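Computed from the coordinates by the stated procedures, all read-outs in this text should not be read as laboratory data. Here the structure is a predicted model, which means the values were calculated and not measured. No Cβ is skipped: glycine too gets one built from the backbone with ideal geometry, and neighbour counts run over all protein chains shown.
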Amino acid sequence: MAANALCEEIIIAGFGGQGIMLTGKLLAQTAMNAGKEVTYMPSYGAEVRGGTANCMVVISESEIACPVVGKPDSLIVLNKASLKKFAPRLKNGGLLIMNSSLIDVHPELDNSIEVVSIPADELAVELGSPKSTNMVALGAYLQKRGYLSPETAAKALPDVLAKRYHQTLPVNIKALQKGAEYAGNN
């Protein structure tokens, strides 16, 4: 792989019901649509809704040897338990997107790690869709990383969202945009 070739390892984590798996699928689909190599590996807690949920996404310009992410380049966490579990694994120079609506602590991390503390729950509620917290966080991630755009993700959303939820496409697209705007301005 060339020295500057993209290889981004991401962990997205929260509790069941926060749309963690949908977020990972959307990120993976967006990257595939952009011609990238992708792996997606979900992990559910035994309880599912309310239990722990996380997924690993690897996006690369070249073939991916392993879907398991040990030390992520980026971490999107939507609750405090996920922050505690995964933040210590974040690579130096990495990116942490954390939902300050549910996380009231600032993790002790290497100074090279960029931390974006975003009130994702509040921003989703402002849009009239509390369930769009995950899209707000993903929008912030896309804005900060820049190799994919919220607009590209919006185009991939119908591919990963079950047809019965397609009426939520407009608000989810607004949530992606809202997260990107917040990350761009803060």
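Which FRET efficiency value, to the nearest 0.05, is calculated for Lys84 and Cys7 with the Förster distance at 35 angstrom and r the Cβ-Cβ distance? Display every interim value, and only then the final one.
Details: r = 27 Å, r/R0 = 0.76.
After rounding, the FRET efficiency stands at 0.85.
Measuring gaps between exposed loop sites in the chain (GluC sites (Glu not before Pro); DSSP loop; at most 11 other Cβ atoms within 10 Å), the longest gap, sites not included, is 109-186. Only DSSP H runs of four or more residues enter the estimate; each adds -39500 (n - 2.57), and after division by the residues of the chain the mean residue ellipticity at 222 nm equals -11500 deg cm²/dmol. Between amide H atoms placed 1.01 Å from N, distances below 5 Å from Ser100 occur with Ile118, Ala120, all of them 5 or more places distant or on a separate chain.
What is the diffusion coefficient of region 1-131 in µm²/s, taking the Kirkwood radius over Cα pairs and the Stokes-Einstein relation at 25 °C with a viscosity of 0.890 mPa s? Before the final figure, lay out each step's value.
Working: Rh = 15.2 Å.
The estimated diffusion coefficient comes to 161 µm²/s.
Starting from the Cα-Cα distance between Asp104 and Met41, subtract it from 0.36 nm times their residue separation and give me the gain in nm to one decimal. Before the final figure, lay out each step's value.
On the way: separation 63, 0.36 × 63 = 22.68 nm, distance 2.83 nm.
Going from the current span to full extension adds 19.8 nm.
Each of the peptides 156-168, 18-30, 89-101 was scored by the mean count of other Cβ atoms within 10 Å over its residues; in descending order, highest first, they stand as 18-30, 89-101, 156-168.
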